[in-house]
Each structure stands twice: as C-alpha cells, then as structure tokens.
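First comes the structure, then the notes that go with it.
The values are calculated or read from the model by the stated rules, or taken from the named source; none is laboratory data. Computed from a predicted model, the values in this text were never measured in an experiment. When we count neighbours, we look across all protein chains shown, and the Cβ atoms used for this are built from the backbone with ideal geometry, even at glycine.
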Amino acid sequence: MATRYLSQLSETKARTAQKIIDYISYRYRLGEYTAQFTQAEIASHLGVCTKTVQRYLHELITRRLLAVVVQGKSAAFSQTDINEAPIYTLLVPVVKNVHPLSSFKKSVKSLKEREEKFPLTQVPAGYSECLAAAQRLKDEVIDLRRVPTRLLAGHLRKVFAAGWCIKDIVRALEKTPTSEVYQTRGAGGMRSVLAWLHIRLKAWRREDGSLLPSPTATERAEAQRVREAATAREQAIRARLAEVQVVPVRGLEQVRLMREFLRMKNHLGWVEAEKLYPEQALLVKD
C-alpha cells in the first residue's frame, strides 16, 4: 500500500515520504504499536521545515497509511502542564511482526493498559517505584528491553534521586540539552546498551558530575511562571480600569482645556498633548 502511494510521487517527494515513514517506524513502540513525536522533532531529524512535515503527515493520514490515536495537547489542557505530542500508529507493514490491519485496535488497547503503568512524569521514590519506573522505561525504549529490570533500576537509582522522571530519561536518550535530535539509531553499533545509556546521560551532566535540573520540572515551573505573570498582568489591567480618575478643574475654561488635552492625547499621543497642554497633563498625572 505504501509502495503504491510512493510510486505516484516524484523521486524527491517519494524519498522524503519514505524518510518520514522510516522515522515513524524507528520511533515505533513495538509493545504498544504507537509512536509519539512532534512535527518539529521529525523536521529537525530530516532537515526540512515543519510545514513540509505537516503536509506529508496529512497526506499519509488521508491515504490511510497513518492514523492518529491520541491528539496532541497544549500545556493549558495537559495534566502534566507541558505540551504533549500526538500519538500515531502506522497502518502499513513497515515494522516487523506488526499486522497493519489490527495495529490501530492494538494501539487503543495498549494505551488503556498504559494508564495502569508507572506514570511518565512521576519521580520514583523508593526501591519498588524505581523497579516499576525501570520497567516502564523499557516499554518506552526498545534498546533497553534486553537489560534486566533490577540491573537497569540500579544504574538509574542516582538519576531518579536527582529528581528525574522517565520522560526526562527518554528525552536525554533522544536529544541533547540544546534540543538537538541525535542522528544515530539508538544503541545500534554500541557493544553495551548501558554504556550508551550513560553516554547520553553524561551530556546532561555538569562539570562536577551532577545532573542538570529535571527538564520536565523546569518546563512545568516555566509554564507556571508564565501563567502567574499573565494572571498578574490581567489583575493589574482590571485594577487600572476599576480606578475612577477625578481631575480637579476650575471653571468652564479649565473644562474646555481639559477636553482639548484629552482629544489631542487620543489623536497625537501623550507626548505631543503634554507639550500643548502641560498644565492639564500635570493634573492628569497627579
């Protein structure tokens, strides 16, 4: 089905569409039959603009080669206070042992099962939660699935103690601290998967060896700061609007001059009006 669609495109467009399908299959979670990514991530990986990715994704969905399992959410509507990328599922047999016709139903079923697993944004506390978090991390990262859960939990104990969650570790495995997507395919070519894990985490450490603050916690704090600043601005505007400005004037001449000043302020601005009517401007300031 995908081959039939690609054959209808020009050589350049077919190459780009194939790269997008390959990227989705690389990000595919075989246990859940889903892939979660933003348009900016795939655009950065392919070296194209987000508009191009958006156009190709729309075409793949229209051709029924790709389906959206869960729509993306902005930070305002997300329970994690950060932007959440959409979750997709492939409807073509590009992933080994995945039947294209049943993958969508399996995707929905797997998402329901995910709700019972350890949350992605929760920081593990205690040994039992570290084991549960390590198992959930193995579900998210294919390369880590051959590592025993207890061994993986032991290697990540200090990472979790630093306030990091599963989502932070997944991000560190896929991106640098400057949000650049790694061009290599996971742990491919590495003799040790754990060595690959520590190399990726090392990029997120300071010179003294300590980890940078949790990216998820940082984004959550920044989102909270933005919301509080917006609320403060709105309250300040409401307070100014609620104030009743009483301007003391003397006689009809003062009333006329004040009207002229206000009219000039509306048309020419405060600076020009103040030059023409300095006394009235002083009264308004007071």
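Taking region 200-233 as the range and being exposed (fewer than 13 other Cβ atoms within 10 Å of the Cβ) and either within 30 Å of M190 (Cβ to Cβ) or among the small types (G, A, S) (or both) as the test, the residues that pass are K202, R206, E207, D208, G209, S210, A229, A230, A232.
Of the residues R206, R200, which single one is assigned by TED's automatic domain parsing to the domain that holds L152, basic (K, R) and either in contact with a Ser or Thr (Cβ under 7 Å, 6 or more places away or on another chain) or without any contact (Cβ under 8 Å) to a residue 24 or more places away in the chain (or both)?
R206
Out of V193, V249, one residue alone is at pLDDT below 90, surrounded by 14 or more Cβ atoms within 10 Å (Cβ to Cβ), in contact with a Lys or Arg (Cβ under 9 Å, 6 or more places away or on another chain) and among the hydrophobic types (A, V, I, L, M, F, W, C). It is V193.
Among the residues of region 138-152, is there at least one that is part of a helix (DSSP H, G or I), hydrophobic (A, V, I, L, M, F, W, C) and under 23 Å from N83 (Cα atoms)? Walk me through it before giving the result.
First pass over region 138-152, keeping only residues part of a helix (DSSP H, G or I): 138-140, 142-146, 149-152.
Imposing the further condition that a residue be hydrophobic (A, V, I, L, M, F, W, C) reduces the set to 142, 144, 151-152.
Remaining after also requiring under 23 Å from N83 (Cα atoms): none.
No, region 138-152 contains no residue that is part of a helix (DSSP H, G or I), hydrophobic (A, V, I, L, M, F, W, C) and under 23 Å from N83 (Cα atoms).
Among the listed residues A132, A162, A153, identify the single one that is out of contact with any Phe, Trp or Tyr (no Cβ under 6 Å at 6 or more places or on another chain), of a type in the set (A, V, I, L, M), surrounded by fewer than 20 Cβ atoms within 10 Å (Cβ to Cβ) and at pLDDT 90 or above. Give the derivation first.
Working: A132 fails: out of contact with any Phe, Trp or Tyr (no Cβ under 6 Å at 6 or more places or on another chain); A153 fails: surrounded by fewer than 20 Cβ atoms within 10 Å (Cβ to Cβ).
Unique residue meeting the criteria: A162.
I need a count of the residues in region 260-284 that are on the phi > 0 side of the Ramachandran plot and modelled with pLDDT of 85 or more.
Selection size over region 260-284: 0.
Scanning region 204-239 for residues that are more than 20 Å from the chain's Cα centre (by Cα) and under 24 Å from P124 (Cβ atoms) yields R205, R206, D208, G209, S210, L211.
Select from region 159-206 the residues that are at negative phi and among the polar types (S, T, N, Q) and list them in ascending order. Working first, answer last.
Of the residues in region 159-206, the ones at negative phi are 159-162, 164-178, 180-185, 187-188, 190-206.
Matches in region 159-206: T176, T178, Q183, T184, S192.
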